[in-house]
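Heads up: the structure comes next, in structure tokens.
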Amino acid sequence: MDPDYLPFHPSPSRPAYAPPPGAVDAHCHVFGPEVRFPYAPQRKYTPCDAPKETLFALRDYLGFERNVIVQATCHGTDNAALVDALHAAGGRARGVASVGPDIADAELLALHEAGVRGVRFNFVKRLVDATPHEVFLAIAHKVAPLGWHVVVYFEAEDLEDLISFLTRVPTPIVVDHMGRPDIAKGVDHPDFQRFVNLMDALDTVWSKVSCPERLSLEGPPAYGDVVPFARSLVERFPDRVLWGTDWPHPNMKSHMPDDGSLVDVIPKIAPDRAAQQALLVDNPSRLYWA
Ligand code: 0GY
């Protein structure tokens, strides 16, 4: 089936910014190829095939050494493409899987051996049908003994209703894309400050300072209106932030970002070498390679 959004950028520019040795792209995906790893029947979009070989070539081209590959909704709870990529990465990739509550302990162990270190809970209504919080909590309790964490994806307007759930999660929590703030409202708006307050109150909550291309009203290549949001989190929580390309940018319909331009946003959100080292190397190493 044809993809229902733009294909990823065919020839990204080489970024001016050079990431430090050991840098991790902590949010990216592999899709298909469909002939080998079919997409989930219940998916809400059909992606373009985005195979592991292309991801690893992009990693090298952009100056990264490692990837965290995140299971996206179009593959449902079939983590086969993810596991295949992890095996091929030779220790240079870790994974975040999607699993159901009935997953067997042996399956979890096999995922762990492949390099999975977390599960993802998706609350974005256009991407998934709702899952009861109790089901997610049962999964979180099942993976906690493995030392895994939970990645959550939600939109800013839904955070208030999720706070009581988040406080009950027994593992570290990584929030995708800064909780998707409405950039037009500004950093000081109560919606974004609710997220900052959550990170203040719960030191188990981390944030990916990623995806300016999804959040920006200004658009490429600088995505300048998103910078103050990401920078404020990097300054305030230097040890609990991660960065990722989000390649191959599923569901991007307005424009397809040049991944080189996305890398060049990094020194604007983490201006000094110490902040860059934490964001790109030390923090993801602690969470995924400890
Ligand atoms: C992302 C964002 C999106 C998609 C998914 O799991 C997914 O399908 O996460 C999106 O459409 O915003 O992080 O890849």
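The one condition from (1) in contact with a strand residue (DSSP E or B) (Cβ under 8 Å, 6 or more places away or on another chain); (2) surrounded by fewer than 20 Cβ atoms within 10 Å (Cβ to Cβ) that ALA130 does not meet is (1).
Restricting region 145-189 to residues that are part of a loop (DSSP other than H, G, I, E, B) and aliphatic (A, V, I, L, M), the residue that is farthest from VAL124 (Cα to Cα) is VAL187.
Considering region 151-173, and only residues there that are farther than 21 Å from PRO101 by Cα and out of contact with any Asp or Glu (no Cβ under 8 Å at 6 or more places or on another chain), the residue that is surrounded by the most Cβ atoms within 10 Å (Cβ to Cβ) turns out to be GLU155.
Among the residues of region 59-83, those identified as within 15 Å of the ligand (Cβ to nearest atom), part of a helix (DSSP H, G or I) and of a type in the set (A, V, I, L, M) are ALA81, LEU82. Annotation note: of VAL116, VAL124, VAL96, the sole residue that is away from the ligand (no atom under 14 Å from the Cβ) and either within 19 Å of the chain's Cα centre (by Cα) or closer than 16 Å to GLN71 by Cα (or both) is VAL116.
Checking each residue in region 1-32 for being surrounded by 15 or more Cβ atoms within 10 Å (Cβ to Cβ) and over 26 Å from VAL281 (Cα atoms) picks out PRO3, TYR5, LEU6, GLY32. Is there a residue being within 13 Å of VAL24 (Cβ to Cβ), of a type in the set (Asp, Glu) and open to solvent by 30 Å² or more (accessible area, probe 1.4 Å) anywhere in region 56-69? Yes, some residue in region 56-69 is within 13 Å of VAL24 (Cβ to Cβ), of a type in the set (Asp, Glu) and open to solvent by 30 Å² or more (accessible area, probe 1.4 Å). Taken as a whole, region 140-150 holds at least one residue that is open to solvent by less than 70 Å² (accessible area, probe 1.4 Å) and within 16 Å of the ligand (Cβ to nearest atom). Scanning region 201-218 for residues that are within 16 Å of the ligand (Cβ to nearest atom), within 17 Å of VAL174 (Cα to Cα) and in a loop (DSSP other than H, G, I, E, B) yields VAL209, SER210, CYS211. Residues in region 212-226: is at least one of a type in the set (Val, Ile, Thr) and surrounded by fewer than 22 Cβ atoms within 10 Å (Cβ to Cβ)? Within region 212-226 (the criterion being of a type in the set (Val, Ile, Thr) and surrounded by fewer than 22 Cβ atoms within 10 Å (Cβ to Cβ)), the answer is no, since none of the residues qualifies.
The C-beta contact set for region 138-160 (first residue among the β-branched types (Val, Ile, Thr), second residue within 13 Å of the ligand (Cβ to nearest atom) and assigned to a helix (DSSP H, G or I), distance under 9 angstrom, 6+ apart or interchain) comprises VAL151/ASP176; VAL152/ASP176; VAL152/GLY179.
Which residue is least open to solvent (accessible area, probe 1.4 Å), if the candidates are limited to region 174-200 and must be within 16 Å of the ligand (Cβ to nearest atom) and of a type in the set (D, E, K, R)? Filtering first and then ranking leaves ASP176.
The values are calculated or read from the model by the stated rules, or taken from the named source; none is laboratory data. In this text the structure is predicted, and so the values were computed from the model without any measurement. Cβ sites come from the backbone with ideal geometry, for glycine too, and all protein chains shown count toward neighbours. Remember, those area values only see protein heavy atoms, side chains included, never the ligands or the DNA or RNA. Shrake-Rupley method; radii C 1.70, N 1.55, O 1.52, S 1.80 Å.
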